[in-house]
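Here is the structure we will look at, set down as structure tokens.
The values are calculated or read from the model by the stated rules, or taken from the named source; none is laboratory data. This structure is a prediction, so every number in the text was calculated from the model and none was measured. Counting neighbours? That spans all protein chains shown, and the Cβs are built from the backbone with ideal geometry, glycine included.
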Amino acid sequence: MPVSFSSPSRLRSLGDTRVQAGETVGLLAAWGTFPFEVARAMRAAGLRVCCLGVRRHADPTIRHQVDEFHWIGAGQLGGAIARFRRAGVRHATMAGKFHKVELYRPWAWARYLPDWTAVRTFYPYLISFTGDRRDDTLLTAFVEAFAAGGVIMGPATDYAPELLAPAGTLAGSSPGERDWADIRFGWELAKQMGGLDVGQSVCVKDRAVIAVEAIEGTDRCIARAGELCRSGGFTVVKVAKPRQDMRFDVPTVGVGTLESIRVAGGRRLVIEAGKTILLDRSRFAQEAERLGISVVSVTAEELAGQRRTA
């Protein structure tokens, strides 16, 4: 667990590094509300926040939650590193969703006008096609480029550990025996899909797979499950990868996830405790109760115990 602090005399532990209160840290903000929660946590910890908002992704109002703000194009990797360095940033994080489907639009690479650093970093994956385009492949290359430029990308949850979901039933009724059978079934499949770096979520009912997440994202996976399972009542299982790198692509749920489940006719959301980011926790729980959606946060150890007693 990272070391929290509330005064300038305290230090925050970030892996093998330390960040002093009052230091300028970087936030690379993409789509969604996650960057707002990270920015608030950073400032509450006494850090000065330099935020780079990714064009066509970031909410422009985040500029009001940070100390310094600049827009950056999705292809301006070298520009982002240079901006952070000019602001005195040595440690940074990224928060929010990057819409990977944009990579498959016509002339996508040219549309983002990549700078030389981006071309050099992603050439094997996006131009010469000698490397694969899995999330971990691209994002590892991304954070390594920042490190080479003198900016260490760390997990957003090092700055805001309170965003990680606690274990337990967070809303609605606790699972019964039949529910646990679906949870165990879906968990194992989701872990296998995560290990292949395909997706984080599966939708199951009566130990049958209804839908599996890939590049389209969780919300569209849930919508497809609703189209395929007209009777509703399915369970959505969303977990971390077996070797999850907490710097990026961490499973995240929020009120929007609940709304997707409601519209599609699902009845239960299962997430991995301690490895899933839960946005706007109090509102999330209230909405889940209002919508009649059960939310269960479990650990691998708890499921192992369930298997032994099943």
Exactly one of Gly73, Gly78 is modelled with pLDDT under 95, surrounded by fewer than 19 Cβ atoms within 10 Å (Cβ to Cβ) and under 30 Å from Ala214 (Cα atoms), and that one is Gly73
Of the residues in region 273-292, those that are surrounded by fewer than 19 Cβ atoms within 10 Å (Cβ to Cβ) and among the aromatic types (Phe, Trp, Tyr) come to none
Taking region 274-297 and keeping only residues that are touching a Lys or Arg at 6+ places or on another chain (Cβ under 9 Å) and β-branched (Val, Ile, Thr), one is left with Thr276, Ile293, Val295, Val296
Subset of region 74-111, residues touching a strand residue (DSSP E or B) at 6+ places or on another chain (Cβ under 9 Å), touching a residue at least 40 places away in the same chain (Cβ under 8 Å) and under 26 Å from Thr218 (Cβ atoms), comes to Ala92, Thr93, Met94, Ala95, Gly96, Lys97, Phe98, His99
Conditions (1) within 30 Å of Glu144 (Cα to Cα); (2) touching a helix residue (DSSP H, G or I) at 6+ places or on another chain (Cβ under 6 Å); (3) not polar (S, T, N, Q) -> Glu272 fails only (2)
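So which of Leu77, Leu113 ends up being among the hydrophobic types (A, V, I, L, M, F, W, C), out of contact with any Cys (no Cβ under 8 Å at 6 or more places or on another chain) and closer than 22 Å to Asp249 by Cβ?
Values: Leu113 fails: closer than 22 Å to Asp249 by Cβ.
On inspection, the qualifying residue turns out to be Leu77.
Mind listing whichever residues of region 235-249 are aliphatic (A, V, I, L, M) and more than 12 Å from the chain's Cα centre (by Cα)? Full working, then the answer.
If we filter region 235-249 for residues that are aliphatic (A, V, I, L, M), which is where we start, we get 236-237, 239-240, 246.
Correct list: Val236, Val237.
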Picking from Val270, Val250, Val255, Val295, the residue that is surrounded by fewer than 20 Cβ atoms within 10 Å (Cβ to Cβ) and either among the hydrophobic types (A, V, I, L, M, F, W, C) or touching a residue at least 24 places away in the same chain (Cβ under 8 Å) (or both) would be Val255
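Which of the helices (runs of 4 or more DSSP H) found entirely inside region 156-244 contain at least 3 residues meeting this: within 14 Å of Ile271 (Cα to Cα) and either in the same structural domain as Arg268 (by TED's automatic domain parsing) or at pLDDT below 95 (or both)?
Details: elements: 156-159, 177-195, 218-228.
Output list reads 177-195.
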Of the residues in region 105-138 that are among the basic types (Lys, Arg) and at pLDDT 75 or above, the one that is farthest from the chain's Cα centre (by Cα) is Arg120
Exactly one of Ala82, Ala39 is among the aliphatic types (A, V, I, L, M), in a helix (DSSP H, G or I) and farther than 26 Å from Pro251 by Cα, and that residue is Ala82
